[in-house]
Amino acid sequence: MPNIIVQKFGGTSVGSEERIASVAKIVQKASLDNSIVVVVSAMSGETNRLISLAKSFGDNPSRREFDALISTGEKVSAALLAMALQQIGVPAKSFSASQISMKTTSTYSKARILDVDGKKIQETLDAGIIPIITGFQGITESGDVTTLGRGGSDTTAVAIAAQMKAKRCDIYTDVDGIYTTDPRIVPEAKKLDTITMEEMLEMAGQGAKVIQIRAVEFANKYKIPVRVLSSFESGNGTLISLEENNMENGLVSGIAFQKDQVKFTLHGVSDTPGMAYGILGPLSDANISVDVIVQNISVNGKTDFTFTVSKEDEMAATDVIHTLNDTLKFDDLLIDSSIAKVSLVGVGMRSHAGIASSAFKSLSEAGINIQMISTSEIKITIVIKEDETDQAVNTLHNAFELEK
Ligand code: ADP
Ligand code: ASP
Ligand code: MG
């Protein structure tokens, strides 16, 4: 029995009939040496089109129907790729989430994968047929369609790789690997041959959209090697390695950034035990993830409490905070939706001091004001004005000579 490799193809990779035909060739070639399971995204632009279509009958469509609608793009590309493979003589079959029992939680648009039935996939492989599975979606216990959040096909692919005990998951995309930062923002960004799982968790968590954070979490948990590579040109791409050390990269391995962030400040909230929980608990109950958090020193028993959320959660977070006014009795709620986060990531930070100060020096020389700072062992995150993001990323990339 040959080894299993899961190949995932992103939106641009299946963006046209020609692209689908060339993806079929990649799958055909790989299937000569290994058993291949394929996961596809929707054709590029299609998910965005469906999201705008969802607003046709009001700004607040039912969340169930929203997911039912935006999950359809992947059905199209899966069936088309199966046809393209069949045309070149490779047996293939498309499968929807319900056909392989891809079970998720019931939080629409942010569902988490719980379980997948590997039997159907295995039977298909055993029959010499390549399964082509719709990414980005699942079904709830009661059979309703859910989606996994933007970029979720990556997670489908790694979850299937884990279930099938695949030897590797290959994420085919429109760049030839993982770079020190988004090459569309910093043209000198350097392609990495490897990156540690730990670094990739931080990079993806801080917005590097090349792979969804949940996919990296699955890969880390089930120890699945993941490779990111191009479907447009040949090459080895970047391996997200299970090794802990990073021999190749310097102190800072990469820079991630996230626009579309919102900063909430509860001004003049009473500084009593349980205040932070009183704010963050209800947000978490509403499935809103809060990232950078800062609480100021209190003056006369009152303080300011600031946190960031992503823009898609702005409305929901505003609603939650308004319901807290009675219990928390804050003076003002300030909402700033023109901010961005920029993060430096590298396992080398663990053993080296002074990285934060070098970063802050270069930003101050560029005249960029830092609004919030948060650090972990291998990451420094700053919050700045959104329209200074590209400049900040370029400045930091330069300062740490990541192009070398
Ligand atoms: P796909 O549709 O194949 O899933 P995505 O658009 O989701 O592709 O992800 C690929 C894009 O991620 C690249 O085109 C690039 O602009 C962006 N990107 C952001 N950060 C990085 C990075 N560090 N390395 C490579 N690409 C990155
Ligand atoms: N098609 C979905 C999206 O655009 C999922 C994906 O591409 O991974 O977010
Ligand atoms: Mg993607």
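Testing the spin-label approximation: label points 7 Å from Cα along Cα→Cβ at S351 and K259. State their distance in nm.
Once both label points are built, they end up 3.8 nm from each other.
Give the cross-link partners of K75 among the lysines, using a straight C-alpha distance below 27 Å as the criterion and excluding same-chain residues fewer than 8 apart.
Partners within reach: K8, K25, K29, K55, K93, K103, K110, K119, K120, K165, K167, K209.
Pick from I224, I297, I195: which is most flexible by mean-square fluctuation in a GNM of the chain where alpha carbon atoms under 10 Å apart are linked?
The residue with the greatest mean-square fluctuation here is I297.
From the square roots a ≥ b ≥ c of the eigenvalues of the alpha-carbon gyration tensor of the stretch 43-124, which class results: rounded (a/c under 1.5), prolate (a/b over b/c), or oblate?
It comes out oblate by the Cα gyration axes.
Where Rh is the Kirkwood radius over the Cα pairs of the chain, the temperature 4 °C and the viscosity 1.567 mPa s, what D in µm²/s does Stokes-Einstein return?
The diffusion coefficient I find is 58 µm²/s.
Keeping every protein chain present and rolling a 1.4 Å probe, give me the accessible area per residue for the chain in Å².
Dividing the accessible area of the chain by its residue count gives 46 Å².
Alpha carbon centre of the stretch 70-113 versus the stretch 326-359: separation in Å?
Computed from Cα coordinates, the inter-centre distance equals 38 Å.
By a straight-distance test (C-alpha under 20 Å), which lysines pair with K404 as possible cross-link partners, with residues fewer than eight away in the same chain excluded?
Within the straight-line limit of under 20 Å, K404 reaches these lysines: K190, K191.
So if each residue of separation counts as 0.36 nm, and I subtract the Cα-Cα distance between S364 and L50, what length gain in nm does that give?
108.8 nm
How do H397, H352, H267 stack up against each other in accessible area, from largest to smallest, with a 1.4 angstrom probe?
H352, H267, H397
Identify, among Q28, Q258, S310, the residue whose Cα sits farthest towards the positive end of the charge dipole of the chain, taking +1 on the Cβ of Lys and Arg and -1 on the Cβ of Asp and Glu, with the dipole about the Cα centre.
Result: Q28.
I'd like the distance between the alpha-carbon centres of the stretch 368-387 and the stretch 152-182, rounded to an integer number of Å.
Computed from Cα coordinates, the inter-centre distance equals 28 Å.
If I compute solvent accessible area with a 1.4 Å probe over the protein chains, what percent of it on the chain is carbon and sulfur?
Ligands and nucleic acids excluded, carbon and sulfur give 50 percent.
So what does V299 come to for accessible area, using a 1.4 Å probe and Å² rounded to 10?
Counting only protein heavy atoms, the figure is 100 Å².
Could you bin all the Cα-Cα distances of the stretch 1-70 into 5 Å bins starting at 0 and give me the percent of pairs in each, rounded to whole numbers?
Taking all Cα pairs of the stretch 1-70, the binned fractions are 4, 15, 19, 15, 14, 12, 10, 7, 4, 2, 0 percent.
Please give the charge dipole size of the chain, origin at the Cα centre, charges +1 on K and R Cβ atoms and -1 on D and E Cβ atoms. Round to the nearest 20 debye.
1000 debye
Once R0 is set to 25 Å, what does the formula 1/(1 + (r/R0)^6) return for the Cβ-Cβ distance between E377 and K191, expressed as a FRET efficiency to the nearest 0.05?
0.50
Antiparallel versus total DSSP beta bridges in the chain: what percent is that, nearest 5?
Bridges in the chain that DSSP calls antiparallel: roughly 60 percent.
Given the C-alpha centroids of the stretch 127-141 and the stretch 247-287, what is the distance between them in whole angstrom?
35 Å
Cross-link candidates for K379: which aspartates and glutamates have Cα within less than 12 Å, leaving aside residues fewer than 8 places away along the same chain?
E198, E199, E202
The values are calculated or read from the model by the stated rules, or taken from the named source; none is laboratory data. What you see is a predicted model; the values in this text were computed from it and never measured. Using ideal geometry, Cβ is built from the backbone for each residue, glycine included, and neighbour counts are taken over all protein chains shown. Areas reflect the complete protein model, heavy atoms only, side chains present, ligands, DNA and RNA absent. Shrake-Rupley method; radii C 1.70, N 1.55, O 1.52, S 1.80 Å.
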